[in-house]
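Visitor: Next up is a structure, given as structure tokens.
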């Protein structure tokens, strides 16, 4: 069991009284009521609501399978890989750990939602927090599927190799920079408290491996999904109510254009496997601005911010946004100076 | 510990049911052919993967729900789990819908009007048009085929002030609807005022790329049902 729902419940009285009886009936009535209202009112008559629900739904339908994949890998790591394996890696010098962690992302071809539970598990199992965060941030950019999609999106353009190689290189550099900043933390200082991962509350530590596997899988899923829902709802609302034209006038402004594209990537919360096609559509913006979009977005967006806030301690989201933003800005500024 | 000493844990059963609910959503999308309303053909595989994984996770959680010392399910936890099921209820209850002219207005200022590195060859479609508006090589290829007769399906977004012309639009998505970009052509010589905004039509006529715009001179404009795959994939 690894949700923080379950242990919290375990800390309460072991015999539920009538006063603490779960309001299952009320929850079910509410859900059925929502279904009836939605069906009867037909939000399709309201264009903004229809747009909001479509984008919200598409973000969830796309992200949930990746969360499931990530949670499956995470649960497998928990029950199959001994903690000593990661502890040994953690003894290596950071100068080796961080590049190795970033390079490990090449072998993890899922989008950013899937890498969050895996990185959290790696840190909990003893990998140094810096290396775990480096892996989490690099994997959505350096994996071969994303490299291929960037190639396809820019094929036929003069900036093809600048975008493909630039994104790959910046993905490594920015992820390792954040890992370096986080490097001095201990796992306890990085991870948000989620008791119960070892089954301390109901004896799951003594359970067979398959029971523990499903415990961790379900725990990670339930835990991550609620934050994903919040992030997807925010991203859908902004996509619905904030027109993209707001950034168009900034395309020719040095520095500002970079920040504008990073801001756009943050609120759009696109999957790293598709964002290159959207970046390529902003033809008024130069390659540096498009690179800023492609590097910043997979590491920091609304959807991810909600997942980070649920997984890591207070301040983590701020640190990631500041360090990723500053490093990306500096790097793309040089590219803007050289390539425009 | 004998199996008979175990009792169902409320929190585990609830978590298992939540996962089964999400599995139900993915199976529903598969059974009702609604995947294309949210995902592109390129990422449609995610729905069966999600269905299978969520089903296994849910059943596995339920199968491991009997424990020696069951934990109670608290009120707050019950509402949180209900909140996780809420999107499932919403997506199943909502009638099928696609992005329309409202989304076009929100995204219209996107300067590239969609993008693809596809080179124009074979029958011309709106993905080729999007490519021609973003990639010089594709633009030259489309220009070389100026005057060629095309048949394009899309929905109407009106061009204000011109009774005999409208914009024929289609969204191009790569992974999911959230990344939708716009591809559109201007249809001229259309029957005046016959086609309402958001109506799906099939336009046939010669195509003319002129500057940054692409025009189709309508020989016929026919109303059609919304296609099963309303979004294009580059």
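The values are calculated or read from the model by the stated rules, or taken from the named source; none is laboratory data. Everything numeric here is computed off the predicted structure, so don't read it as measured data. Using ideal geometry, Cβ is built from the backbone for each residue, glycine included, and neighbour counts are taken over all protein chains shown.
Visitor: Please tell me if residue B:93 is modelled with pLDDT of 90 or more and farther than 19 Å from residue B:188 by Cα.
Guide: Spelling it out, residue B:93 is indeed modelled with pLDDT of 90 or more and farther than 19 Å from residue B:188 by Cα.
Visitor: Ok, one more. Would you point out the residue of segment B:168-185, among those that are more than 9 Å from every other protein chain (Cβ to nearest Cβ) and in contact (Cβ under 8 Å) with a residue 60 or more places away in the chain, that is surrounded by the fewest Cβ atoms within 10 Å (Cβ to Cβ)? Talk me through it step by step, then tell me what you get.
Guide: The first filter runs over segment B:168-185 and keeps only residues more than 9 Å from every other protein chain (Cβ to nearest Cβ), leaving B:168-171, B:183-185.
After this cut, where a residue has to be in contact (Cβ under 8 Å) with a residue 60 or more places away in the chain as well, the list is B:169-171, B:183-184.
Values: B:169: 22, B:170: 24, B:171: 24, B:183: 30, B:184: 25.
This residue is B:169.
Visitor: Then there's this: Please specify each residue of segment B:191-208 satisfying the condition of being at pLDDT below 85 and either surrounded by 15 or more Cβ atoms within 10 Å (Cβ to Cβ) or assigned to a strand (DSSP E or B) (or both).
Guide: Correct list: B:195 only.
Yes/no matrix, rows are residues, columns are (1) in a loop (DSSP other than H, G, I, E, B); (2) touching a strand residue (DSSP E or B) at 6+ places or on another chain (Cβ under 9 Å); (3) modelled with pLDDT of 85 or more:
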{"site": "B:118", "(1), (2), (3)": "yes, no, no"}
{"site": "B:124", "(1), (2), (3)": "yes, yes, yes"}
{"site": "B:130", "(1), (2), (3)": "no, yes, no"}
{"site": "B:137", "(1), (2), (3)": "no, no, no"}
{"site": "B:150", "(1), (2), (3)": "no, yes, yes"}
{"site": "B:163", "(1), (2), (3)": "yes, no, no"}
{"site": "B:167", "(1), (2), (3)": "no, yes, yes"}
{"site": "B:174", "(1), (2), (3)": "yes, yes, no"}
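Visitor: Restricting attention to segment A:311-331, does a residue exist that is within 12 Å of chain B (Cβ to nearest Cβ) and either in contact (Cβ under 8 Å) with a residue 12 or more places away in the chain or part of a helix (DSSP H, G or I) (or both)?
Guide: The first filter runs over segment A:311-331 and keeps only residues within 12 Å of chain B (Cβ to nearest Cβ), leaving none.
There is no residue in segment A:311-331 that is within 12 Å of chain B (Cβ to nearest Cβ) and either in contact (Cβ under 8 Å) with a residue 12 or more places away in the chain or part of a helix (DSSP H, G or I) (or both).
Visitor: Among the residues of segment A:43-53, is there at least one that is surrounded by fewer than 13 Cβ atoms within 10 Å (Cβ to Cβ), at pLDDT below 80 and assigned to a helix (DSSP H, G or I)?
Guide: Yes.
Visitor: Can you find a residue in segment B:85-96 that is farther than 29 Å from residue B:155 by Cβ and within 7 Å of chain A (Cβ to nearest Cβ)?
Guide: Within segment B:85-96 (the criterion being farther than 29 Å from residue B:155 by Cβ and within 7 Å of chain A (Cβ to nearest Cβ)), the answer is yes, since at least one residue qualifies.
Visitor: Can you tell me how many residues in segment A:273-291 are closer than 22 Å to residue B:173 by Cβ and either part of a helix (DSSP H, G or I) or within 20 Å of the chain's Cα centre (by Cα) (or both)?
Guide: Residues in segment A:273-291 being closer than 22 Å to residue B:173 by Cβ and either part of a helix (DSSP H, G or I) or within 20 Å of the chain's Cα centre (by Cα) (or both): 10 in total.
Visitor: If you check residue B:185 against the conditions, is it part of a strand (DSSP E or B), within 24 Å of residue B:97 (Cα to Cα) and touching a strand residue (DSSP E or B) at 6+ places or on another chain (Cβ under 7 Å)?
Guide: On the way: part of a strand (DSSP E or B): yes; within 24 Å of residue B:97 (Cα to Cα): yes; touching a strand residue (DSSP E or B) at 6+ places or on another chain (Cβ under 7 Å): yes.
In short, yes.
Visitor: I'd like the full set of residues that are assigned to a loop (DSSP other than H, G, I, E, B) and either more than 9 Å from chain A (Cβ to nearest Cβ) or under 29 Å from residue B:180 (Cα atoms) (or both), limited to segment B:1-51.
Guide: Those that are assigned to a loop (DSSP other than H, G, I, E, B) and either more than 9 Å from chain A (Cβ to nearest Cβ) or under 29 Å from residue B:180 (Cα atoms) (or both): B:2, B:6, B:32, B:33, B:34, B:38, B:40, B:41, B:42, B:43, B:44, B:45.
For every residue, the table says whether it meets (1) farther than 22 Å from residue A:56 by Cβ; (2) surrounded by 24 or more Cβ atoms within 10 Å (Cβ to Cβ).
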residue	(1), (2)
A:283	yes, no
A:295	yes, yes
A:301	no, yes
A:318	yes, no
A:336	yes, no
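Visitor: Separate question: Residue check: is residue B:62 buried (at least 18 other Cβ atoms within 10 Å of the Cβ), modelled with pLDDT of 90 or more and more than 7 Å from chain A (Cβ to nearest Cβ)? Reasoning before the result, please.
Guide: Working: buried (at least 18 other Cβ atoms within 10 Å of the Cβ): yes; modelled with pLDDT of 90 or more: yes; more than 7 Å from chain A (Cβ to nearest Cβ): yes.
Yes; evaluated as a whole, the condition is true for this residue.
Visitor: Go over the candidates A:294, A:270, A:253 one by one and state the one that is within 14 Å of chain B (Cβ to nearest Cβ) and assigned to a loop (DSSP other than H, G, I, E, B). Step through it out loud before you land on a result.
Guide: Values: A:294 fails: assigned to a loop (DSSP other than H, G, I, E, B); A:253 fails: within 14 Å of chain B (Cβ to nearest Cβ).
None of the other options fit; the residue is A:270.
Visitor: Does segment A:143-157 contain at least one residue that is surrounded by 24 or more Cβ atoms within 10 Å (Cβ to Cβ), at pLDDT below 85 and either under 17 Å from residue A:323 (Cα atoms) or within 13 Å of chain B (Cβ to nearest Cβ) (or both)?
Guide: yes
Visitor: Suppose the filter is assigned to a helix (DSSP H, G or I) and farther than 30 Å from residue A:83 by Cα; does residue A:165 pass it?
Guide: So residue A:165 passes the test.
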